[in-house]
Amino acid sequence: MAEINYHHLRYFWAVAHDGNLTRTAERLNLSQSAVSVQIKQLETQLGHALFERRGRQLILTEAGRIALDHADAIFAAGRELVGTLQDKGRARQAIRIGALATLSRNFQLEFLRPILDRPDVEIILRSGNSADLLQALEALNLDVVLINQAPTRDAVTPFVSHRLSDQPVSLVGTPDRLRGQHDLTGLLVSQPFILPTAETSVRVGFDAWTERLGIRPQIAAEVEDMAMMRLLAREGVGLAVLPPIVVQDELTSGRLVEADRLPGIGETFYAVTLSRRFPNPILQDVLNNRNI
């Protein structure tokens with residue numbers, strides 16, 4: 001197999017980062033056709049198209065995104081060689097993970113645990129809402145998205161939802177607020193509650209359960225962010241309705257106490273990927289982790 005032409009790779013690399021063939025050609029003091037020919041020759045050697053044109057924009061294909069990752073590593077290694085002439089160890093391969101901003105930090109940590117200590121892996125972690133994260137996944141800017149509701153899969157966007165964990169949901173509060181009381185019905189009547197927002201599956205399950213019991217609990221706070229629910233529970237504002245994994249450190253230390261599990265209510269965590277011809281090989285290591 002012929003070795004790659006690094007001049008061709010550098011022109012591709014420059015255009016990929018600029019996102020505009022004209023701008024790159026002007027910066028390199030070359031004609032557009034000269035740059036375009038170099039990229040075409042690289043595509044021929046690799047056997048894959050690296051860009052697709054959408055209007056005036058050049059968008060990386062899946063093969064183009066992989067080529068760019070390798071080009072970034074190649075040219076970064078060259079800069080290190082020139083700058084230091086020292087061995088910096090093996091090149092680190094990146095994995096780009098998007099996580100719902102409200103998702104449990106403890107759950108995210110457990111998902112990442114298989115690769116946290118690997119010297120060959122660079123973890124890039126971004127947070128946001130599910131729509132933005134799935135859009136980034138579809139654009140190949142992320143390798144995987146962690147959410148608590150599986151997206152719809154269709155022929156246009158072949159999302160693959162990997163069910164990672166089904167977490168039970170409990171009533172959790174400070175020892176002073178619980179005072180040894182664990183009767184669910186009594187707690188529902190006597191205590192204020194810190195609840196997730198109305199559109200979440202946990203809140204839907206909680207509201208349906210209390211409706212069946214004929215109880216309308218006192219709501220101290222409705223909170224979107226699991227981390228804020230954790231803080232409010234620690235402050236004794238009320239009993240929090242959440243998966244114990246969210247507050248596992250506080251439960252271990254005794255700062256918070258789990259009153260009881262809520263019957264039939266749980267939260268499911270998913271890792272969403274895209275059906276790709278060239279998946280990130282690091283993904284398999286984390287997806288195989290079932291100790292969450």
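Name the residues in segment 109-127 that are open to solvent by 20 Å² or more (accessible area, probe 1.4 Å), under 27 Å from Glu250 (Cα atoms) and under 13 Å from the mean Cα position of the chain (by Cα), would you?
Scanning segment 109-127 gives Leu109, Glu110, Ile123, Leu125, Arg126, Ser127.
I want to confirm something. Restricting to segment 33-48 and keeping residues that are under 18 Å from Arg65 (Cβ atoms) and not hydrophobic (A, V, I, L, M, F, W, C), which single residue is least open to solvent (accessible area, probe 1.4 Å)?
My answer is Glu43.
Select from segment 246-284 the residues that are part of a helix (DSSP H, G or I) and either farther than 30 Å from Pro158 by Cα or touching a Pro at 6+ places or on another chain (Cβ under 9 Å) (or both) and list them in ascending order.
Val246, Val247, Gln248, Asp249, Glu250, Leu251, Thr252, Ser253 - these are the residues of segment 246-284 that are part of a helix (DSSP H, G or I) and either farther than 30 Å from Pro158 by Cα or touching a Pro at 6+ places or on another chain (Cβ under 9 Å) (or both).
Give Asp176, Asp183 a once-over and let me know the one that is loosely packed, with under 11 Cβ neighbours inside 10 Å and charged (D, E, K, R).
Unique residue meeting the criteria: Asp176.
Quick check on segment 247-259. Is at least one of its residues within 29 Å of Asn129 (Cβ to Cβ) and in contact with a Phe, Trp or Tyr (Cβ under 9 Å, 6 or more places away or on another chain)?
no
Val204 is checked against (1) under 17 Å from Gly266 (Cβ atoms); (2) in a helix (DSSP H, G or I); (3) open to solvent by less than 40 Å² (accessible area, probe 1.4 Å) and fails just one. What number does that condition carry?
Exception for Val204: condition (3).
In segment 207-241, what residues are in a loop (DSSP other than H, G, I, E, B), out of contact with any helix residue (DSSP H, G or I) (no Cβ under 8 Å at 6 or more places or on another chain), over 18 Å from Ser104 (Cα atoms) and open to solvent by less than 80 Å² (accessible area, probe 1.4 Å)?
Gly214, Val237
Among the residues of segment 49-59, are any at pLDDT 80 or above, surrounded by 15 or more Cβ atoms within 10 Å (Cβ to Cβ) and over 29 Å from Glu122 (Cα atoms)?
no
Does at least one position in segment 156-167 carry a residue that is more than 19 Å from Pro243 (Cβ to Cβ) and either surrounded by 15 or more Cβ atoms within 10 Å (Cβ to Cβ) or of a type in the set (Lys, Arg) (or both)?
Looking through segment 156-167, at least one residue is more than 19 Å from Pro243 (Cβ to Cβ) and either surrounded by 15 or more Cβ atoms within 10 Å (Cβ to Cβ) or of a type in the set (Lys, Arg) (or both).
Tally time: how many residues in segment 7-32 are over 21 Å from Asp69 (Cβ atoms) and surrounded by fewer than 20 Cβ atoms within 10 Å (Cβ to Cβ)?
Of the residues in segment 7-32, 9 are over 21 Å from Asp69 (Cβ atoms) and surrounded by fewer than 20 Cβ atoms within 10 Å (Cβ to Cβ).
Considering only segment 252-277, state which residues are open to solvent by 50 Å² or more (accessible area, probe 1.4 Å) and of a type outside the set (D, E, K, R).
Within segment 252-277, Thr252, Ser253, Pro263, Gly264, Ser275 meet the criteria.
With respect to the numbered conditions (1) at pLDDT 95 or above; (2) surrounded by fewer than 13 Cβ atoms within 10 Å (Cβ to Cβ); (3) not acidic (Asp, Glu), which one is the sole condition not fulfilled by Phe193?
Here Phe193 clears every test but (2).
The values are calculated or read from the model by the stated rules, or taken from the named source; none is laboratory data. Quantities reported herein were computed from a predicted structural model and do not represent experimental measurements. Positions of Cβ are backbone-derived with ideal geometry, glycine not excepted, and every protein chain shown enters the neighbour counts. Note: accessible area is taken over every heavy atom of the protein model, side chains too, but ligands, DNA and RNA are not part of it. Shrake-Rupley method; radii C 1.70, N 1.55, O 1.52, S 1.80 Å.
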